[in-house]
Every structure is written in C-alpha cells, then in structure tokens.
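Contents: one structure, followed by commentary.
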Amino acid sequence: MNGASSSKQSIEPKRSFPRRLTMIAVALLVAGAGILGAALLGPKTDYDFRLEATFTFDGQPYTAVGSMHCRYRRAWFTSGSSPHRLGEPIYQGYFTSTRRDAPSVVLPDGKGAILFRHGGSCPPLPILRETLAVNPAAATGATWPAYYFPDRENPKVIWLLHDRRPANLDPGRFVLEHYRFISVGEQAPELLAQNIPVAWRWYQQWSAAHRVGFISRMEDVWFGQIACLVEESEWRSRPEFVRAASGLATIAVTTLHEPGTNHSLTCPGQNMHISLAPSEDYGKATLDLDRPDLRWATILTPFVAEFRDRNTNQWVPELCVTGEGCSGIRMRAPFWIFLPTRRVFARIDEASFETFLFSHIAVRPGDGL
C-alpha cells in the first residue's frame, strides 16, 4: 500500500503540469484577445463633412450637396499603411472607415439632376487633420467633372461636363466655382438615393457584386465622342496639316503623325473641345461646330450592340456634320477628319462612364475602400 501510495504521488505532478500549461495558454489567449479587442474597439475619432459643389449650369447657379463620414481607430501594431487588407484598410497607422455620397442636386424641372464624380476613401487621419479639418476650401479648383442626367430615373443619355477650358476660350454650359469639404458637427444627410435613383441603383448593384468578387463588363460602359478642333489660323503654319488638307474637297479621314514618329498626332495646344450629338437610335453622331452647349462636354450613350465595335465594345456611330450630311464614316476613336468647307481639322476621341466604378458615386462601410 505504501508503495502504491508513493507511486501515485510521484505520477500526479506529471499529470497536473500540462493542465497548468493549458490554463496559462488560455489566459494568454484571453489577454491577447482583450488587447486585440481594445485595439479594434478602442476610442474612435469621427469627422463629418458636407461636400458642397457650387456651379452654374445653363446660366443658373446651383449648389450640389453630398456627405462624407470618416471614422478612425488606432492600429496599435503598425504605423504604416495596408490599403488592400480585408475589412477596414489601414492608412498611416489607423483603421479607416468611409461613408460617402457624392454631391448631387435635382434641377428645377424635377426630372433632371447633376452628380459630381468623387472617388476614393477618406484620407489618412494625419493628412485630414492638416487639410480638410481646418480648411473648408481645400478642394477648391476646376478639376471635378460632373454628370448631367436629363432623366434621373431612366436616362437615355448622360452628359459628362468639364470646366477645364483655357482662359482665352468661352465656357460651355457648365462652370464650376468651388468644391468644398465643410466640417460639420453631425452627420450630413445622404441625398443620393433621393436625388438620382438610377445612380443609387448602380451603386447598390456594383457594391453588392464587389463584396463577393466580380468581373467588370464592357457592356456596362457608356461611351461618347468628342472633337478637338484645330482652326486654320493654327494649322496653316504646320506642314503636316497643310499636306493633309491638300486636294481634299469633301469630309475625309486623314492621317496625322507626331513629327518624326509613327504615333498618331494628339490635339495640339489647348483647343476647343465639343461633344458629338447622338441620334435617337444612337446610330449616328453629329459634329455641330456652332452649338455652344456642346463645348467642354461629352454626351454618353448606353450599350447598344448594333452600334458597338465587336472587339472593343466602343461606340462606332456614323459620322455626320451639320450642314453637310452624313459621311458614311464609322471608325473607332481616335481619328482625324478634315472639314473643307470650314477649313477645320477635328480629332475625334472618346470618353466613357463606367457604372461599375461605384466608389465614384457612393461608399458604405464594407465596400473595402
């Protein structure tokens, strides 16, 4: 009995030692989880902004209003950035959450609306504190394009509007005055779903697709064509233009290369840009040099398979010119044409609106931005 008792006493400490290790490991895990939880659920720093774009459209003043809510939490284990991590990205040592609606406004007719493109997430907290939080005019400048929806429920075309004209040229129908981030004490109203229902539907569609992984499709890109104009007063001193114009009596596609290269010539200088106007069935695009509303704009058309290039899905309408009829020309942009009666060269190029770039419209937590 004594031997058995002695043997039992010598074995029991060996059995209790792993249990102590397990208890210590559990305690460490609980403590680590607590530290991690404190890091993830620790104090939050919130900033709310009213996004405000003031502009004139067709001679009338407007203010488009949006909102941006930025939330920051300290990422204790890093001082760097991890913008592509799952969940909230980390910027300069802070978990960063963005909630935003791009600025929008309904026009007086009640049917049309204007939306300003605004991409990306909230800036890193140190940058925000030095800029947007103290300077509401930090984003002032004519670099924010806008979209005009003639029908905010079911548009047949969308106008892409710019105000990047040179000082010596007349504006189009859109002139941007300011784009401001105005710090406010409470979350600004989210107006996009009310103001432009079709844009909100695109956001919901592509945000949901983005969260599970998706492949963007060219069928979801709206295309438009724009012309850069080169008047004779500019091109007559350039040999490549003079040679191209020689002997042409009708509208024709011309070949113009950058001097000394085989690359297609881009639009020289800061010339007038005007949109080509699509026909109702999208089969034609008309160049009208005398319509001021087409300056610094592009009229974008939805996907219509009949008038899209089979390889690129670009819009390839028949080119027409006001006063001269339709030319029979259907080409993928970019290309140059010459208008003999007006002595004008025009470089036909394209612009696009990709509805699946949903972050240009809105952002909600969980979008991974």
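A few points about this structure:
- Of all residues in segment 222-251 being touching a residue at least 60 places away in the same chain (Cβ under 8 Å) and among the β-branched types (Val, Ile, Thr), the one that is nearest to SER352 (Cα to Cα): ILE226
- Checking ALA227, ALA244, ALA188, ALA167 one by one, the residue that is modelled with pLDDT under 90 and not assigned by TED's automatic domain parsing to the domain that holds ALA53 is ALA244 and no other.
- Residue check for THR298: outside the structural domain of ASP163 (by TED's automatic domain parsing), crowded, with 23+ Cβ neighbours inside 10 Å and either under 21 Å from the mean Cα position of the chain (by Cα) or hydroxyl-bearing (Ser, Thr, Tyr) (or both): yes
- Residue check, THR312 farther than 27 Å from VAL242 by Cα and assigned to a loop (DSSP other than H, G, I, E, B): yes
- Test: residue in segment 345-358 that is touching an Asp or Glu at 6+ places or on another chain (Cβ under 9 Å), farther than 22 Å from LEU161 by Cα and not assigned by TED's automatic domain parsing to the domain that holds PRO145: yes
- Matching residues in segment 198-220 - criterion: being among the polar types (S, T, N, Q) and either modelled with pLDDT under 85 or touching a Leu at 6+ places or on another chain (Cβ under 7 Å) (or both): SER216
- Qualifying residue in segment 228-236 (condition: surrounded by 12 or more Cβ atoms within 10 Å (Cβ to Cβ), in a helix (DSSP H, G or I) and of a type in the set (Ser, Thr, Tyr)): no
- In segment 333-340 there is no residue matching the filter, namely being assigned to a strand (DSSP E or B), among the aliphatic types (A, V, I, L, M) and touching a helix residue (DSSP H, G or I) at 6+ places or on another chain (Cβ under 7 Å).
- Filter result (in a helix (DSSP H, G or I) and either touching a helix residue (DSSP H, G or I) at 6+ places or on another chain (Cβ under 7 Å) or more than 30 Å from ASP46 (Cα to Cα) (or both)) within segment 160-197: LEU192, ALA193
- Some residue of segment 263-275 being outside any helix (DSSP H, G or I), farther than 20 Å from VAL304 by Cα, touching an Asp or Glu at 6+ places or on another chain (Cβ under 6 Å) and among the aliphatic types (A, V, I, L, M): yes
- Checking each residue in segment 174-204 for being basic (Lys, Arg) and surrounded by fewer than 18 Cβ atoms within 10 Å (Cβ to Cβ) picks out only ARG201.
- Test: residue in segment 160-174 that is among the aromatic types (Phe, Trp, Tyr), touching a residue at least 12 places away in the same chain (Cβ under 8 Å) and more than 30 Å from GLU231 (Cα to Cα): no
- Hits in segment 281-301 (condition: without any contact (Cβ under 8 Å) to a residue 60 or more places away in the chain and either of a type outside the set (Ser, Thr, Tyr) or in a strand (DSSP E or B) (or both)): ASP281, GLY283, LYS284, THR286, ASP288, ASP290, ARG291
- Number of residues in segment 234-257 that are of a type in the set (A, V, I, L, M) and in contact with a Pro (Cβ under 7 Å, 6 or more places away or on another chain) equals 2.
The values are calculated or read from the model by the stated rules, or taken from the named source; none is laboratory data. Model, not experiment: these values are computed from the prediction. Neighbour counts run over all protein chains shown; Cβ positions are idealised from the backbone, glycine included.
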